[in-house]
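The values are calculated or read from the model by the stated rules, or taken from the named source; none is laboratory data. Here the structure is a predicted model, which is why all the values come from computation and not from measurement. A quick note on method: Cβ atoms are made from the backbone with ideal geometry, for glycine too, and the neighbour counts reach across all protein chains shown.
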Amino acid sequence: MLPSGSTAGPTRLLTTRGIDLIHSPMVVYDLICKKQHRFEAWFPNYEEYQKQADKKLISCPTCGSTGIEKLPHACAVHVKKEQPAPVPKKTEKAPPGPPSPAEFKEMLLRVHHYIKENFEDVGSRFAEEARQIHCGKTEERPIHGTATPEERAELTEEGIPYAILPKPELDS
Ligand SMILES: [Zn+2]
C-alpha cells in the first residue's frame, strides 16, 4: 500500500527545534491501561517514563485512563534527523536504512504520537508561528501544524528551518 504523498493541500510541518528532541534515541514502551487497551508511547529514557507514570501524565489514548502499566517488551528507535527539503516533493525521505515500508510506517506513527504529546499544535498558523519563533518574537518551543505549499516556499526562502512530517494515513 502506497502512502499518498500528495502535496496539493496543506502539509503537516514541524519545527526542527523539536526534531532535536526526536533525534535523541527514544525508547518505545508497550503500555497497557487497566481496561486492557494496549498502546505505545515514546520516552527519552526509562526514568522519564517512570516520572510521567508516577505523575499520572500518561493516559490511554482509547479511554483516557491514567492507570497505565508497562508491558515487558520494549524497543529502542532512533530517528535520524532529516534534511529540510528545499523543494517540496512528494517523495518521502525515509531515514537511512529503514528495514521495510511497514516498519517505517510504524515508526512514523510513533513519531506522530510523540509529536502529538510534545509539540504544540498551532494548526494552520504554523508558518506564522515558525517565523515568530525564528525571529525570537515569541517563546521558542517545538510546534507542529500545517502549511500550504506557498507558505512552505516562503519559509524556505526566508531560511526558516522546518521539517515535513509525512502522513501515516492511519490517523483517525
Ligand atoms: Zn484504555
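Quick look at the numbers
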item	result
Selection from the range 115-172 of residues that are exposed (fewer than 13 other Cβ atoms within 10 Å of the Cβ) and in contact with a Leu (Cβ under 9 Å, 6 or more places away or on another chain)	L170, D171
Breaking point among (1) modelled with pLDDT of 75 or more; (2) outside the structural domain of E154 (by TED's automatic domain parsing), for I115	(2)
The range 33-73 - residue that is basic (K, R) and within 11 Å of the ligand (Cβ to nearest atom) and, of those, nearest to K116 (Cα to Cα)	R38
Residue match in the range 70-81 (condition: more than 30 Å from E151 (Cα to Cα), modelled with pLDDT of 80 or more and not hydroxyl-bearing (S, T, Y))	yes
Criterion (in a loop (DSSP other than H, G, I, E, B), modelled with pLDDT under 70 and in contact with a Ser or Thr (Cβ under 8 Å, 6 or more places away or on another chain)) met by exactly one of P98, P88	P88
Pairs, first assigned by TED's automatic domain parsing to the domain that holds F126 in the range 146-157, second β-branched (V, I, T) and surrounded by fewer than 16 Cβ atoms within 10 Å (Cβ to Cβ), C-beta under 9 Å, six or more apart	P149/T7; R152/T7; T156/V87
